Amino acid sequence: MRLTGVSVEGLFGLFDHEVHLRIDERITIIHAPNGYGKTVLLKMISGFFGGTMSVFRSVEFKRFTLTFDDRTSIVIDQKLSENDALARNPKFARTYVVRRRSGRSVKRWSPDERPNASAEFYRRALPPSAIDTYAPHLRRVGPREWRDPSGDTLSYYDVIERYWNHFPASARRSHPLPDWLQGIRDSIHCQLIETQRLMVLEKDFRQSAEAPMMPAVKSYSDALAKKMSRVLADSATFSQTLDRTFPKRLLERMRAGADFLPEDEIRRRLTELERKRARLAKADLLEKSDEGAVLSHDVFSDETLRIMTEYVTDADKKLAVFDDILSRIELFTELLNSRFAFKSIVSNRECGLIIKGINGKTLDADSLSSGEQHELIMVYNLIFDTRADTLILIDEPEISLHVAWQKKFLSDIRRIIKLNNVDIMLATHSPQIIGSNLDLTVQLKGPARGHS
């Protein structure tokens, strides 16, 4: 299932927006001045697909609609709560009704219609005292107020919305959604890349109240090291399996007089294997070696050809384990190194990423400018943290990027789409990012009629 359109009526009581996704090109650009609701629109999409649906209470709108390529649609209507207990709490004065329309079938659900729905629902699901336990990085500054490391003062409900997915499942007891609603929420993997992307919450932040926020560059570097380590472990296991059965398979081949590859084909494949090993060594996925599979120019006997056929077949299989991560590392480092003027990025199995200066010295992540960090973080997210058919939402990709980098952004995106087969919707102010791609751009309109 793919999303083909999104619309919102009465956003902030002012705007009616309709966006038809460019599903053939897989890139949709939303363009509008500040205050038109670009960011909120992305958050509403993200909130429906696996995020927090509390956005449909906190944002004022009349109707929000998602349409899909199978002609199914989701319609979310906002209304004032009819539950007196809910209506007395500003955070819950608004509620919403979700409808799925598919042909003549209509299914309906509302959070207020869950058993025992009340203003205390979230408080029962996650008592305020649990916030102190599971989010020690938040400093309590009032009975139901906390301050996060960025300096923002958060109410209980703000904490729930911002950090809900970070709390353990045991602390998030809630009534399950109906299967039809959960199913359509899970049908599209959605990822939102927000404007604040330079710092991330440490995955083990519950273990310590000290410095729970860390630079995203450091977090992604650690994550890449783990990805490389897993692939190396898989490769070692697979290689041992092939090596253990190699003698048996070879003897069976020779005993049966099995067909073998021509000599010129074997030499060609050996050359390709050496090239691939060099690429893997450059990515630090294999040890570097000066010794290659250089063969004599003597004519091979049939027995030698059978041995070499089994060898190149096994070698191809062993190196194929690295294909996915190698293609990602190569594109990642190529894109960044084509942008960075006086620094370069290399992958490393121990550190994940190493930053080198123009003089070859290793640099700290702090040496990257804000623009370089934004570029690295976005490219990493798009290449390593997505899977096929993910819907990626990017808010203001132009932040801190030089105009020249902005102009090249869509060409980078197209290469990433070719690698990962993802759909991308981005919200931008930048005419440089749009460039000549007006056919991919949706201009959000001003206030609806009747509003000044």
Task: Of residues in the range 190-207 being part of a loop (DSSP other than H, G, I, E, B), open to solvent by 50 Å² or more (accessible area, probe 1.4 Å) and out of contact with any strand residue (DSSP E or B) (no Cβ under 7 Å at 6 or more places or on another chain), the one modelled with the highest pLDDT - done: Q196
- [ ] Any chance you could count how many residues in the range 35-60 are part of a helix (DSSP H, G or I), under 19 Å from the mean Cα position of the chain (by Cα) and of a type in the set (S, T, Y)?
- [x] 2
Task: Pair list, Cβ under 8 Å, 6 or more apart: the range 290-314 residue surrounded by 10 or more Cβ atoms within 10 Å (Cβ to Cβ) and polar (S, T, N, Q), other residue in a helix (DSSP H, G or I) and at pLDDT 90 or above - done: T309/I266
Task: Residue within the range 49-64 that is touching a strand residue (DSSP E or B) at 6+ places or on another chain (Cβ under 9 Å), of a type outside the set (F, W, Y), open to solvent by 20 Å² or more (accessible area, probe 1.4 Å) and at pLDDT 95 or above present - done: yes
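Within the range 381-392, is even one residue among the basic types (K, R), open to solvent by 30 Å² or more (accessible area, probe 1.4 Å) and modelled with pLDDT under 95? Talk me through it step by step, then tell me what you get.
Pass one, the range 381-392, residues among the basic types (K, R): 387.
With the extra rule that they be open to solvent by 30 Å² or more (accessible area, probe 1.4 Å), the set shrinks to 387.
Now restrict to residues that are modelled with pLDDT under 95: 387.
Yes, the range 381-392 contains a residue that is among the basic types (K, R), open to solvent by 30 Å² or more (accessible area, probe 1.4 Å) and modelled with pLDDT under 95.
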Task: L319 vs. criteria in contact with a helix residue (DSSP H, G or I) (Cβ under 8 Å, 6 or more places away or on another chain), in a loop (DSSP other than H, G, I, E, B), surrounded by 15 or more Cβ atoms within 10 Å (Cβ to Cβ) and without any contact (Cβ under 8 Å) to a residue 60 or more places away in the chain - done: no
Open item on the list: Going residue by residue through the range 410-419, is there one that turns out to be touching an Asp or Glu at 6+ places or on another chain (Cβ under 9 Å), open to solvent by less than 10 Å² (accessible area, probe 1.4 Å), at pLDDT 95 or above and among the aliphatic types (A, V, I, L, M)?
Closed with: no
- [ ] Could you pull out the residue among L444, L438 that is surrounded by 13 or more Cβ atoms within 10 Å (Cβ to Cβ) and of a type in the set (A, V, I, L, M, F, W, C)?
- [x] L444
Open item on the list: Restricting to the range 138-167, name every residue that is modelled with pLDDT under 80 and within 13 Å of M213 (Cβ to Cβ).
Closed with: D148, P149, S150, G151, D152, R162, Y163, H166
Task: Criterion violated by T245 - all others in (1) out of contact with any Leu (no Cβ under 6 Å at 6 or more places or on another chain); (2) modelled with pLDDT under 95; (3) not basic (K, R) satisfied - done: (2)
Task: Pick from the range 298-312, criterion touching a Phe, Trp or Tyr at 6+ places or on another chain (Cβ under 8 Å) and among the hydrophobic types (A, V, I, L, M, F, W, C), ranking: nearest to P247 (Cα to Cα) - done: M308
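The values are calculated or read from the model by the stated rules, or taken from the named source; none is laboratory data. These numbers come from a predicted model, not from an experiment. Cβ atoms come from the backbone with ideal geometry, glycine included; neighbour counts cover every protein chain shown. Heads up: the accessible areas ignore ligands, DNA and RNA and are worked out on the full protein's heavy atoms, side chains in. Shrake-Rupley method; radii C 1.70, N 1.55, O 1.52, S 1.80 Å.
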